[in-house]
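Notes to accompany the following structure.
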Amino acid sequence: MEKRSNSLLQGTLDLLILRALRDESRHGWGIQQRINQIAQDELLVNQGSLYPALVRLVKQGFLDTDWQTSENGRRAKYYSLTKSGRQQLDTQTAQWKRYAQTIDLILAEI
Amino acid sequence: MPILRSIGLAAKRLFRRQTTLHEIDEELAFHIDMETEKNISGGLSPQEARRQALVAFGGKESVRQKTQNAHGAQFLANLLTDLRYATRVLAKRRIFSLSVLAIVSICIAANTAFFAAFESLALKPLPFPQQDRLVEIFRNDTQNGNAKLGGNLSLLHEYKEQTDLFESVAFFSSHWMNFSADGHSSRLNALSVSPDFFKTLGLPATAGSLIDRNTSPHSAVLSHSLWESSFAASPDIIGKTILMNGIPFQVIGVAAPGSEKTTSWAQIFLNIDPIQLATDPADESLRSANEGTIWARLQDSTTPSDATTALTSLEQRFASRATDSYQRANAPSRIELKLNSVHAERTQWARQRLTLLLAISIAVLLIGLSNTAHLFLSQLNSRIHEYWTRRTLGASPLRLLQQILVETFLLISTSCLAGILLGFYLTQLIAQDSSTLFGLSEPILIGSSTLTYIALLALISSLAIGSLVGLKSLSALRNYTGSPSERSSTEAPSSTRLHSLLFIGQTALTLSLLIALGLLGKSFYNIITQDLGFDDTNIVSARIHLPDSNFDNTQREAFKENLLLTLATNPAFESAALSSTIPSYGYPERRIVFHDPKHSETFSSTRAAISHISEDYLATMGIRLLQGRNLDASDTFGWQTPILVDSRFAERYFPQTSPIGQRINLGTTPRNPNNWPVIVGVVESAKQEFLDDTQPLPLIYFPLKQSWNNEFSVFVKSRQPPDTSLANIRQAVETLDPMLPTFRSGPLSDLIGQSLAARQGILTLGLGLGIVAIILAILGTYGSVAFRISQRLRELSIRLAIGATEEKLIQQNLAFDLRRSLLGIAAGLTLATLLSKFLTNWLFEVAPIDATTYLSTVFFLLLITLIASYLPLKQTLSRSQLRL
């Protein structure tokens, strides 16, 4: 059976987190579920990377945090995009698309 | 903004560390719980659901650790990396690092020393319990340059009754006295104190008892320092008898340490005679007298302004019942009652001087920091490729800024540490002359306030220079593409602007500092070259005190007469005289009244200085007689005393008529209406007041003969060496009384010089800092121009190649620097004009805006700037660096 790697490429986790928060604010578990759901388990985000990445994005000013009551009635830390986070998402998305196209082009030529 | 955000977050993290840890745990627990619930809804048992959730989560502790690290440890790790990197870079760039170290450490050393002196002398509390409740009550003569008038026993009695305002009130007056105990004699400063003196100070006795209302007359209390230095802290001294000016006093106790801080010299405390204490509060003359100092301890419920208001209305009530003469002399528009904290009054002298020195030090520091910024910006050019490489490898602008800030902070804080060490040695030097320079002989220590001040300076300077260099680097990186040839291309306009701004600021600061020092220097020159009105050449002086206990009136007169006779017969002396005052050491002053009461009403202030002289004084001192006659051997103090006045007196009080024959008296009208002193002569004004006194009083000379004076100075004019003259004077005194010491002795020119020691010392320190400022300005200009030339090497080479001459290039370069200098000079002149107002108290016969000083300083600064600007280009051209 073909062995597949479902680990994330370096630097893409931040982009996925920003994307997962584009439409609504979520808690950490919610972000992980959202990424796994969109990626249909092709990519697995582990907690050891997720939570430090969230702290880093907050420190960079791309995310805001707020303690709210979750869907099961418990207190949870919610993350949402800031204005600069939204700009960062646009920039990173564009960069990723250019990068992917270039790689595609190279692979097609080889 | 990212820096601010980072700093804000760091501060927030520091204070919220525990909360953050708790929040991480709560967030991770929530994650596992949500995963568990999801598994349960998938059909697993709660135990299995939780087990699988934990497995899926991985090592909880590891995730927790990584998250915590992301919160703070990353910053610390970066900081350590940056510190290691900065140390390597600065060690490699030795010349740059040593230049910054030298500049900043010298500037910081001056700031350390003067702030330490400020902390030790002006900020340190006095050693009295609750010293903030201790106030001095005095009066200001608003029409005589706000001269401070002391208190008297009459006012003491009135204030003592205000028990709702004061816990206690004390009066003291200071006297230099001959002190004898156990067969040893010396001269020391004694305070005559009222009964509540120690209660007001709040000091207990170390041994025996203190002066209070039940103390017997002629009791003495030793200060702790005198007890230790003269009596080896022996308790046996209690109960023994000592002699003060020959009068026996019984030692009843020793005051706790701190009593000697009452004045600058206090060593022993004598209780005021009860007869002297029993003054009549209604006596207008006594109430106006200026005899000593009044201190009071405020009630807890009283503020200084409440007490001032209450005492002012007391004075107004007294004045409303007083004579017209009293009302005129003490009108609220003339005499203002003041109440100030004892600490502020005691440290005022030191505070004024140290504020001036500290302001000069800060100006020098700003010039030094401007130079440092120049140096940092200049080395940016050689490091741009390094920064570009780091950015290319992925370093964020914030990381680059952090690295530059750490580097700046490391170098500046190391320089500050070196500055503190250097400052420590400077502090030791200042401490040796603390008493002369600042009037306080406290030890000067580098305390916590000084260290905080230097730490703040280091932090602010590092942040300012680091941010400036960091932002400049980021801005330069935007246009840099990594080609090494770009580094020597023409300088960016924004960089030129920044260099020019620093240059202009530095020029402005240097100019204003040099103008301030120029004004102070000119004042000092005016003081030492002023016409004293007498000739101090070859004059030697020594002072003598005749104790009342050993000399009655007849013996005193006989002593003076015999002394003058002995001195006059010495062939080595051209002339000899006696005087109660020493020129330039100040004088007693009194209000005067004129025989014609209408004449008194003409003047708002009728105060005059007083001196008692022997008949040969004017001849000995070379003071010219202008009108009337001199005093002669038959003139004595007593009946219709013949007096001399100086030309200042004549001009002020008798501008239209001759003063000869006019009658005046001290204080009030004489008890015998026929016994008015008469003016018999007018003499040239001779300097009696302090040499830098800008508002001297008119002077009256009374005959010393038959006067009450028991202390006077001998003045002899002789061509023999001063030491020989002094030995002759001592021999003459010893012949008359072998136990009598002489003091304040030496050549008159030296004595006058000593009175200027404080001003000279402050000026020397200020000029030292001024020289540092000039050197920094020269180095700054030289460095700035050299950097600019290094940036424009290619452009200049091309211009030479296409026909420009060296002279043309030099001219253009000088013209550019001249324009920048003129802008700096304009800013400096504005700054100097604004700041010179604060120097008014220090100026002597120099206007705050003195055209000569301003113009010569501008010319001097312009000259050194242009030389420092000319040299780098000339050197570059002569090295043929620009030939293609």
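The values are calculated or read from the model by the stated rules, or taken from the named source; none is laboratory data. This one's a predicted model, so the numbers in the text were calculated from it and none came from an experiment. Methodologically, a virtual Cβ is constructed for each residue, glycine included, from the backbone with ideal geometry; neighbour enumeration extends over all protein chains shown. Accessible surface areas use protein heavy atoms only, side chains included; no ligands, DNA or RNA. Shrake-Rupley method; radii C 1.70, N 1.55, O 1.52, S 1.80 Å.
Go through region A:57-85 and give me each residue that's closer than 23 Å to residue B:40 by Cα and part of a loop (DSSP other than H, G, I, E, B). Give the derivation first.
Filtering region A:57-85 for residues closer than 23 Å to residue B:40 by Cα gives A:69-77.
Correct list: A:70, A:71, A:72, A:73, A:74.
Residues being crowded, with 17+ Cβ neighbours inside 10 Å and not in a helix (DSSP H, G or I): count how many of those fall in region B:446-479.
Adding up the residues that qualify gives 1.
Of these, B:27, B:23, B:35, which one is open to solvent by less than 40 Å² (accessible area, probe 1.4 Å), more than 17 Å from residue A:72 (Cα to Cα) and within 11 Å of chain A (Cβ to nearest Cβ)? Even if it seems obvious, please write down each step before you answer.
On the way: B:27 fails: more than 17 Å from residue A:72 (Cα to Cα); B:35 fails: more than 17 Å from residue A:72 (Cα to Cα).
Result of the check over B:27, B:23, B:35: B:23.
Which residues, counting only those in region A:10-23, are within 13 Å of chain B (Cβ to nearest Cβ) and free of Cβ contacts under 8 Å to residues at least 24 places away in the same chain?
Across region A:10-23, the qualifying residues are A:10, A:11.
State all residues of region B:279-296 that are assigned to a strand (DSSP E or B) and in contact with a Phe, Trp or Tyr (Cβ under 6 Å, 6 or more places away or on another chain); if no residue qualifies, say none.
Of region B:279-296, the ones assigned to a strand (DSSP E or B) are B:292-296.
B:292, B:293, B:294, B:296 - these are the residues of region B:279-296 that are assigned to a strand (DSSP E or B) and in contact with a Phe, Trp or Tyr (Cβ under 6 Å, 6 or more places away or on another chain).
State the number of residues belonging to region B:227-248 that are open to solvent by less than 20 Å² (accessible area, probe 1.4 Å) and part of a strand (DSSP E or B).
2
Among the residues that make up region B:734-752, is at least one of them part of a helix (DSSP H, G or I) and within 30 Å of residue B:141 (Cα to Cα)? Working first, answer last.
Step one: filter region B:734-752 for residues part of a helix (DSSP H, G or I), giving B:734-736, B:748-752.
This time we only want the ones that are within 30 Å of residue B:141 (Cα to Cα), so: B:751-752.
Within region B:734-752, one or more residues are part of a helix (DSSP H, G or I) and within 30 Å of residue B:141 (Cα to Cα).
Return only the number of the condition from (1) crowded, with 21+ Cβ neighbours inside 10 Å; (2) closer than 30 Å to residue B:844 by Cβ that residue B:677 does not satisfy.
(2)
Condition first: open to solvent by less than 60 Å² (accessible area, probe 1.4 Å) and under 30 Å from residue B:354 (Cα atoms). Can you find one or more residues in region B:782-791 that meet it?
Narrowing region B:782-791 to residues open to solvent by less than 60 Å² (accessible area, probe 1.4 Å): B:783-791.
If we keep only those that are under 30 Å from residue B:354 (Cα atoms) as well, we get none.
For region B:782-791, residues open to solvent by less than 60 Å² (accessible area, probe 1.4 Å) and under 30 Å from residue B:354 (Cα atoms): absent.
A quick yes/no check of all residues on (1) open to solvent by 60 Å² or more (accessible area, probe 1.4 Å); (2) touching a Leu at 6+ places or on another chain (Cβ under 9 Å); (3) not charged (D, E, K, R):
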position	(1), (2), (3)
B:520	no, yes, yes
B:533	no, no, yes
B:555	yes, yes, yes
B:559	no, yes, yes
B:571	yes, no, yes
B:590	yes, yes, no
B:594	no, no, yes
B:604	yes, no, yes
B:609	no, yes, yes
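Mind checking which residues of region B:715-747 are among the aliphatic types (A, V, I, L, M) and touching a Phe, Trp or Tyr at 6+ places or on another chain (Cβ under 7 Å)?
Within region B:715-747, the first condition is being among the aliphatic types (A, V, I, L, M), and the residues that meet it are B:716, B:726-727, B:729, B:732-733, B:736, B:739-740.
Across region B:715-747, the qualifying residues are B:716, B:736.
Considering region B:678-705 alone, what residues qualify as being assigned to a loop (DSSP other than H, G, I, E, B) and among the aromatic types (Phe, Trp, Tyr)? Don't jump to the end; show me each part of the working.
So the first thing to find is which residues in region B:678-705 are assigned to a loop (DSSP other than H, G, I, E, B), and the list is B:684-698, B:704-705.
The answer is B:690, and nothing else.
Just for region A:24-41: of the residues that are over 22 Å from residue A:74 (Cα atoms) and assigned to a loop (DSSP other than H, G, I, E, B), which one is farthest from the other protein chains (Cβ to nearest Cβ)?
Of everything passing the filter in region A:24-41, A:40 is farthest from the other protein chains (Cβ to nearest Cβ).
Can you tell me which residue is most open to solvent (accessible area, probe 1.4 Å) among those in region B:177-217 that are part of a loop (DSSP other than H, G, I, E, B) and at positive phi? Give the steps one after another, and end with the answer.
Step one: of region B:177-217, the residues part of a loop (DSSP other than H, G, I, E, B) are B:182-183, B:194-196, B:202-204, B:209-217.
Restricting the remaining residues to those that are at positive phi gives B:182-183, B:202.
Numbers: B:182: 107, B:183: 82, B:202: 31 Å².
Among them, the one singled out is B:182.
Only one of these conditions is not met by residue B:113: (1) buried (at least 24 other Cβ atoms within 10 Å of the Cβ); (2) small (Gly, Ala, Ser); (3) over 28 Å from the mean Cα position of the chain (by Cα). Which number is it?
(3)
Just to verify a result, which residue in region B:710-727, among those that are closer than 26 Å to residue B:632 by Cβ and surrounded by fewer than 20 Cβ atoms within 10 Å (Cβ to Cβ), is farthest from the chain's Cα centre (by Cα)? Explain how you work it out, then say what you get.
Pass one, region B:710-727, residues closer than 26 Å to residue B:632 by Cβ: B:710-718, B:725.
From the residues that got through so far, the ones that are surrounded by fewer than 20 Cβ atoms within 10 Å (Cβ to Cβ) too are B:710-711.
Numbers: B:710: 36, B:711: 33 Å.
Checked region B:710-727; the qualifying residue farthest from the chain's Cα centre (by Cα) is B:710.
Take residue A:44 and tell me if it is of a type in the set (A, V, I, L, M, F, W, C), more than 8 Å from every other protein chain (Cβ to nearest Cβ) and either open to solvent by less than 10 Å² (accessible area, probe 1.4 Å) or touching a Ser or Thr at 6+ places or on another chain (Cβ under 6 Å) (or both).
On the way: of a type in the set (A, V, I, L, M, F, W, C): yes; more than 8 Å from every other protein chain (Cβ to nearest Cβ): yes; either open to solvent by less than 10 Å² (accessible area, probe 1.4 Å) or touching a Ser or Thr at 6+ places or on another chain (Cβ under 6 Å) (or both): no.
When the stated conditions are applied, residue A:44 does not pass them.
Sort through B:796, B:818, B:843, B:882 and tell me the only one that's within 16 Å of residue B:507 (Cβ to Cβ) and either at pLDDT 85 or above or crowded, with 18+ Cβ neighbours inside 10 Å (or both).
Unique residue meeting the criteria: B:818.
Could you tell me whether any residue of region B:69-83 is at the interface with chain A (Cβ under 10 Å from one of its Cβ atoms), touching a strand residue (DSSP E or B) at 6+ places or on another chain (Cβ under 9 Å) and at pLDDT 70 or above?
Among the residues of region B:69-83, not one is at the interface with chain A (Cβ under 10 Å from one of its Cβ atoms), touching a strand residue (DSSP E or B) at 6+ places or on another chain (Cβ under 9 Å) and at pLDDT 70 or above, which makes the answer no.
Condition first: β-branched (Val, Ile, Thr) and surrounded by 15 or more Cβ atoms within 10 Å (Cβ to Cβ). Now tell me which residues in region B:733-774 satisfy that.
Taking region B:733-774 and keeping what is β-branched (Val, Ile, Thr), we get B:733, B:735, B:742, B:752, B:762, B:764, B:771-772, B:774.
The answer is B:733, B:742, B:752, B:762, B:772, B:774.
Give region B:332-359 a look and list any residue that's in contact with a helix residue (DSSP H, G or I) (Cβ under 8 Å, 6 or more places away or on another chain) and not in a helix (DSSP H, G or I), or say none.
Answer for region B:332-359, where residues must be in contact with a helix residue (DSSP H, G or I) (Cβ under 8 Å, 6 or more places away or on another chain) and not in a helix (DSSP H, G or I): B:332, B:335, B:337, B:338, B:339, B:340, B:341.
Looking at region B:42-68, which of its residues are at the interface with another protein chain (Cβ under 9 Å from one of its Cβ atoms), at pLDDT 75 or above and outside any helix (DSSP H, G or I)?
B:58
Scan region A:48-74 for residues that are within 11 Å of chain B (Cβ to nearest Cβ), open to solvent by less than 40 Å² (accessible area, probe 1.4 Å) and not hydroxyl-bearing (Ser, Thr, Tyr) and jot them down. Full working, then the answer.
Taking region A:48-74 and keeping what is within 11 Å of chain B (Cβ to nearest Cβ), we get A:48-61, A:65, A:67, A:70-72, A:74.
Next, from what is left, pick out any that are open to solvent by less than 40 Å² (accessible area, probe 1.4 Å): A:48, A:50-55, A:57-58, A:61, A:70.
Answer for region A:48-74, where residues must be within 11 Å of chain B (Cβ to nearest Cβ), open to solvent by less than 40 Å² (accessible area, probe 1.4 Å) and not hydroxyl-bearing (Ser, Thr, Tyr): A:48, A:50, A:52, A:53, A:54, A:55, A:57, A:58, A:61.
Just give me the residues in region B:328-374 being open to solvent by 60 Å² or more (accessible area, probe 1.4 Å) and charged (D, E, K, R), in sequence order.
Answer for region B:328-374, where residues must be open to solvent by 60 Å² or more (accessible area, probe 1.4 Å) and charged (D, E, K, R): B:328, B:336, B:338, B:351.
So in region B:121-135, with the set limited to residues that are assigned to a loop (DSSP other than H, G, I, E, B) and touching a helix residue (DSSP H, G or I) at 6+ places or on another chain (Cβ under 7 Å), which one is surrounded by the most Cβ atoms within 10 Å (Cβ to Cβ)? Walk me through it before giving the result.
Our first condition is that a residue be assigned to a loop (DSSP other than H, G, I, E, B); within region B:121-135, this holds for B:124-130.
Okay, now just the ones that are also touching a helix residue (DSSP H, G or I) at 6+ places or on another chain (Cβ under 7 Å), so B:125-128.
Values: B:125: 10, B:126: 17, B:127: 16, B:128: 22.
Top of the filtered list is B:128.
In the list A:77, A:83, which residue meets the criterion of being within 14 Å of chain B (Cβ to nearest Cβ), loosely packed, with under 13 Cβ neighbours inside 10 Å and among the basic types (Lys, Arg)? First the steps, then the outcome.
On the way: A:77 fails: loosely packed, with under 13 Cβ neighbours inside 10 Å.
Step by step, each of A:77, A:83 is checked, and only A:83 is within 14 Å of chain B (Cβ to nearest Cβ), loosely packed, with under 13 Cβ neighbours inside 10 Å and among the basic types (Lys, Arg).
Identify, from the list B:631, B:567, B:618, the residue that is at pLDDT 90 or above, more than 23 Å from residue B:743 (Cβ to Cβ), in a helix (DSSP H, G or I) and open to solvent by less than 60 Å² (accessible area, probe 1.4 Å).
Values: B:631 fails: in a helix (DSSP H, G or I); B:567 fails: more than 23 Å from residue B:743 (Cβ to Cβ).
Within the list B:631, B:567, B:618, the selection yields B:618.
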